[in-house]
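Student: Got a structure here, written out as structure tokens. Questions coming.
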Amino acid sequence: MADDRSSAFVVVLTGAGISAESGIPTFRGAEGYWQVGSRNYRPMELATAAAFARMPDDVWGWYLYRRAVCHAAAPNQAHLALAELERRLGDRFLLVTQNVDGLHLRAGSSAHRTYQIHGNIDYMRCARECTLALVPVPDALGTTWDKGRIPGAAEKAHLVCSRCGAPSRPHVLWFDEYYDEERFRFESSLRAVDRAAVLAVIGTSGATNLPTQMCHRAAQRGAKLIVVDTEPTSFSALAESGSGEFLRGAATEIVPALCGRL
């Protein structure tokens, strides 16, 4: 892909499309609705700091259900191929994922070369931010959760900050929040693109700010932009407007072969 493959730095950006092939819904359709009383809430309404402040039990119930769906899924061939690509390239590789499901890590991608720019649903942190430390969602809550269920008093006792006693919140980037470096590797992701000879974009339409900045930054500086998706996107148009490629199809079909080329 680059003239000097022995030193080329490769960045891969993944989104919901790669995990959808493992059976994880995007939660933007009917599967994502959550009923509170007589009202159905859309994900964009629930996944906010404002909703958590207003109805924390319901938001936690939704996230624990989403976490259960993620745990029921398994990494697919695209996840596994990217983990193998990292093993081959070592420090010449970086994975940036919008997915909070942890499937890349379960496939074998290393934590220090995987930037989870929207967080990880298996972790929580203090809602009052007495510390930025991340804590695993307690084992006592299990990994199954029925849709519509909210935590009871005994379960809520596990969802508190052990340092200050305040409520804990899911470690995810909500729609009314901003990227930062400390939690979501904002500057580090952009710096990585500034080094990259190749940016491969898999299964994301570019609905959030950081992925959009990454793709445009790569295109502007002449990095090879390769987009894998089942449908054309703004990113595929950007790739085809320059020297990039749009590979249309399922990630599980295309990514293993692509990784062999990189």
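The values are calculated or read from the model by the stated rules, or taken from the named source; none is laboratory data. All of these numbers come straight from a predicted model, not from anything done at the bench. So basically every Cβ, Gly included, is an ideal-geometry build from the backbone, and we count neighbours across all protein chains shown. These accessible areas exclude ligands, DNA and RNA; they are computed on the full protein's heavy atoms, side chains included. Shrake-Rupley method; radii C 1.70, N 1.55, O 1.52, S 1.80 Å.
Student: Note down the nm distance, to one decimal, between modelled labels 7 Å out along Cα→Cβ at Glu231 and at Asn40.
Tutor: 1.9 nm
Student: What full-extension length gain, to one decimal in nm, is calculated for Gln77 and Asp57 as 0.36 nm per residue of separation minus the Cα-Cα distance?
Tutor: Gain in length upon complete extension: 3.6 nm.
Student: With every protein chain left in place, what is the accessible area of Phe186 in Å² (1.4 Å probe, nearest 10)?
Tutor: Only protein atoms counted, so the area is about 40 Å².
Student: Hey, what number do you get for the chain at 222 nm if only DSSP H runs of n ≥ 4 count, each worth -39500 (n - 2.57), divided across all residues, to the nearest 500?
Tutor: Counting only the DSSP helices, I get -10500 deg cm²/dmol.
Student: Can you sort Thr143, Thr252, Thr97 by solvent-accessible area, 1.4 Å probe, largest first?
Tutor: Thr143, Thr252, Thr97
Student: Still on this model: Suppose we keep just the DSSP beta bridges with both residues in the chain; what percent of those would be antiparallel, to 5? Don't skip to the answer; put the middle values down first.
Tutor: Details: 10 of 32 bridges.
Roughly 30 percent of the beta bridges in the chain run antiparallel, per DSSP.
Student: Another question, if that's okay. Provide the gained length on full extension for the span Arg261 to Asn209, in nm with one decimal, where the gain is 0.36 nm per separating residue minus the Cα-Cα distance.
Tutor: Extra length available between Arg261 and Asn209 comes to 15.8 nm.
Student: To continue, here is another question. What's the angle, to the nearest 10 degrees (0 to 90), between helix 251-261's Cα axis and the longest principal axis of the chain?
Tutor: Compared with the principal axis, the helix lies near 40 degrees.
Student: Mind checking the log10 I(q)/I(0) for the chain at q = 0.08, 0.09, 0.16 Å⁻¹? Debye, one equal scatterer per Cα, no solvent, two decimals.
Tutor: -0.33, -0.41, -1.20
Student: On a full-extension model of 0.36 nm per residue, what is the gain between Cys130 and Arg113, subtracting their alpha-carbon distance, rounded to one decimal in nm? Don't skip to the answer; put the middle values down first.
Tutor: On the way: separation 17, 0.36 × 17 = 6.12 nm, distance 2.71 nm.
Residue separation times 0.36 nm, minus the Cα-Cα distance, leaves 3.4 nm.
Student: Report the relative contact order of the range 116-260, percent, no decimals, based on alpha-carbon pairs under 8 angstrom and at least 6 residues apart.
Tutor: 18 percent
Student: In square nanometres and to one decimal, what's the mean projected area of the convex hull around the Cα atoms of the range 101-237?
Tutor: Taking a quarter of the hull surface, the average projection is 10.4 nm².
Student: May I pose another question? Distance between the C-alpha centers of the range 216-239 and the range 66-145? Whole Å please.
Tutor: Rounded to whole Å, the Cα centres lie 24 Å apart.
Student: What FRET efficiency comes out for the pair Arg248/Ser188, r = Cβ-Cβ distance, R0 = 30 Å, nearest 0.05?
Tutor: Computed FRET efficiency for Arg248 and Ser188 comes out at 0.50.
Student: Any chance you could give the angle, 0 to 90 degrees and rounded to 10, that helix 186-195 forms with the longest Cα principal axis of the chain?
Tutor: Taking Cα atoms only, the helix is inclined about 10 degrees.
Student: Counting pairs of alpha carbon atoms under 8 Å apart in space and at least six apart in sequence, what relative contact order in percent does the range 63-137 give?
Tutor: Computed value for the range 63-137: 27 percent relative contact order.
Student: Averaged per residue, what accessible area in Å² does the range 5-146 show with a 1.4 Å probe, protein chains only? Please report the intermediate quantities before stating the final value.
Tutor: Details: 5920 Å² over 142 residues.
Each residue of the range 5-146 exposes 42 Å² on average to a 1.4 Å probe.
Student: Can you send over the carbon and sulfur percentage of the accessible area for the chain, probe radius 1.4 Å, protein chains only?
Tutor: 49 percent
Student: Oh, and also: Over the chain, what relative contact order in percent results from Cα pairs under 8 Å that are six or more residues apart?
Tutor: For the chain, the relative contact order is 24 percent.
Student: Hey, in the chain, which Cys have no second cysteine's beta-carbon closer than 4.7 Å?
Tutor: Cys70, Cys215, Cys259
Student: Could you work out the pair-distance distribution P(r) of the range 65-182 from its alpha-carbon pairs, with 5 angstrom bin width and percents rounded to whole numbers?
Tutor: 2, 10, 18, 20, 18, 16, 9, 5, 2, 0
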